[in-house]
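In what follows, a single structure is set out as C-alpha cells and then discussed.
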Amino acid sequence: MSKRFPLRLRDITPRGLYPRSVLMVVLPVILLLTAVTYIFYDSHWRHTSRKLSQTISSEIEFMIALRHQYPDEFDSIREDARRAMQMDVTVLEDTQLPTEQKQLFFTALDDILSRELDVSLEQPYWFDISGYGATVEIQVQDGPDVLRIMAERDRTFSTTGHIFIVWVIGATGILIALALGFLRNQVRSILKLTEAAKSYGRGRDVENFRPAGATEIRDAARAVMDMRTRLTTFAEERTTMLAGISHDLRTPLTRLKLQLAMMEDSEDIRAAKADLTEMSAMLEEYLAFASGKEGEQPETLRFDTLVRDVAGGLEGEITLRRMDSVEIIARPGSVRRAVSNLLSNALGFGTHVEVDVIDGPHMAELVVDDDGPGIPTEQREEAFKPFHRLDASRSQNVPGTGLGLSIARDTARQHGGDIRLEDGPLGGLRVRLRLPR
C-alpha cells in the first residue's frame, strides 16, 4: 500500500493541535464559500449579465436600423429612446472609432458585452465600461459617422454580484475570526497542560499553573497535578526511608572499620578492610540508584563543561572530539553521576574512549565510543537492568555492581531523555545519552 500511495494525508497536514484545528475550521468554510461563489457566478450573475448585455445590444441594433429607415425623423426617435429606454444616442458626423480599448481588472464583463455586440452588430464598435459612473459608453461606426450611445450601467450588466460576494467573504471572515478566537482559548489550555506535563515529567516545577479551559481539560489537568503530588510524596517517603537505612548501615560499618584499624596489621586484616571499603562503595551506589537524587532541584548548566570536568577527573585515555557549547536544564549531581558512569564503563571495557557533545535541534547529545568488546545487539536491552552482569567477554575483571547503565538511563528518563546503545566506529560500543535542552 505504501509503495502505491507514497504520499499520505498526515505528510501534508500540520502536526500541531492548533494548526490542525484551524485547518478543520477554515478549510470547510473556504471550500463552501468557493462552491457558493462559483455557483452564483456561473448560474446567476453571469446569466443575468448576459441577458442584460443581449438586450442593450439588440436596442442598439434597433436604433441603427431606425436611422437607416427614417433618417429625417431620427432626432425624434433619439428623444423617444432617451425617455423610454434611458438611452442617450448622439451622432458624431465624419468621425472614426477610438483605437485604444480600455481594459477592466475583471475582464468577464468585457467578454460578455463584446460577445453580445458581435452577435447583434455587423458594424465595428468600441465601448468603455472601465469607469465607475452610472453610464457606459458604446460607439458604433455607421458609415462615415459614429453613433455614441450612453446607456445606464444597470441596464448593461449586473452590477450587484460583487456586492454579494464581498458580503459573503466579509461575513465568513468574521465568523472564522470568532471561531479561531474561541478555538485559540481552548487549545491554549491544552498546550499549557502539555507543557506542565512535560515539565513534571522532567522533574521541573511549573509556576502559577492552574486548570483552565473546558471541563474535560480541567479534569485532565487536575489528574496530572494529583498524579505529580502522589509521585512526589512517594519519592520523598522513599528518600527519607533510604536515608534512614543508609544511616543505620553506615554506623555498624564505621564501628567495624574502627575495630579493624585498632588491630595489628596482617594479611587477613587488610583483606577485611578491603571488603569493608568495597561494601561501603556498593552501599552508596545502591542507595544512589534507589533514591535517584530526588531532593536536587533542576538548574541551567553547561553540558559540555560538565562533560569536560568529568572526563578530566577520570584516569584513562579520553579524547574529546567535538564539544558543542550547549545549555540544559537538569539536576547537576544526577547528570554528573550519569556521565561519570558512562565514561567509567567505557574506560573499564576499553583502552581508548572518544567523546562528542552535540547541540541538536531539540536535545543535547553525549556520544561515548570505546574500543572494547562491545555488547551484542540481543543483549543491549538486558544491559540496562539493575544488577545485571553480562557474559565474561564484557565483564571479566571489571569491578562494579551492574548499576552504571541503569542509573544513567534512569537519570536520562527522569529528565525527559534516554540512552541508546549502538555499534561504535572504534570496534566497541557507542552510547548515546540524549537530554532535552
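The values are calculated or read from the model by the stated rules, or taken from the named source; none is laboratory data. Values in this document were obtained by computation on a predicted structure and should not be read as measured data. As a convention, Cβ positions derive from the backbone with ideal geometry for all residues, glycine included, and neighbour counts pool all protein chains shown. For the accessible areas, the whole protein counts, side chains as well, though only heavy atoms, and no ligand, DNA or RNA atoms are used. Shrake-Rupley method; radii C 1.70, N 1.55, O 1.52, S 1.80 Å.
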Largest to smallest accessible area among MET85, MET241 [probe 1.4 Å]: MET241, MET85
Largest-first ordering by accessible area, 1.4 Å probe, given options ARG322, ARG238: ARG322, ARG238
R0 of 56 Å, Cβ-Cβ distance HIS352-ILE165: FRET efficiency to nearest 0.05: 0.15
Most positive-pole-ward Cα, VAL146, THR37, PRO71, against dipole of region 30-169 from beta carbon charges: THR37
Projected label distance in nm at LEU260 and ALA281, using a 7 Å step from Cα toward the beta-carbon: 1.3 nm
Karplus-derived 3J(HN,Hα), 6.51/-1.76/1.60, for each residue of region 93-100, Hz, glycine and proline x: 6, 6, 10, 10, 5, x, 9, 8
Segment GLU100-GLU236, length gained on full extension (0.36 nm per residue, minus Cα span): 40.1 nm
Inter-label distance for ALA223 and ARG302, nm, one decimal - labels placed 7 Å from Cα along Cα-to-Cβ: 4.4 nm
Interchain or long-range residues, amide H under 5 Å from ASP418's placed H: ARG434
Partners for LYS273 among aspartates and glutamates (Cα-Cα distance below 15 Å; same-chain residues under 8 apart left out): GLU264, ASP265
For region 108-171, alpha-carbon Rg over 2.2 N^0.38 Å: 1.35
Length released on extending from ASP111 to THR37, taking residue separation times 0.36 nm less the Cα-Cα span: 24.7 nm
PHE182 paired with ALA134, simple spin-label distance in nm, labels 7 Å along Cα-to-beta-carbon: 4.5 nm
Shape box of region 179-222 [Cα atoms, principal axes, largest first, Å]: 36, 18, 15
Phi-based couplings in Hz for region 168-185 (Karplus 6.51, -1.76, 1.60; Gly and Pro marked x): 5, 5, x, 5, 5, x, 5, 5, 5, 4, 5, 5, 5, x, 5, 5, 4, 5
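Hey, any idea what % of region 114-201's accessible area is carbon plus sulfur with a 1.4 Å probe?
Result for region 114-201: 63 percent of the exposed heavy-atom area is carbon or sulfur.
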Stretch gain in nm, segment GLU122-ARG20, where the contour uses 0.36 nm per residue and the Cα spacing is subtracted: 30.9 nm
FRET efficiency, 1/(1 + (r/R0)^6) with R0 41 Å, evaluated for THR215 and HIS47 via beta carbons: 0.20
Cα pair distances exceeding 18 angstrom across region 56-201, given as percent: 67 percent
Rounded to whole Hz, the Karplus (6.51, -1.76, 1.60) HN-Hα couplings of region 118-126, x for glycine and proline: 4, 6, 8, 10, 9, 7, x, 9, 8
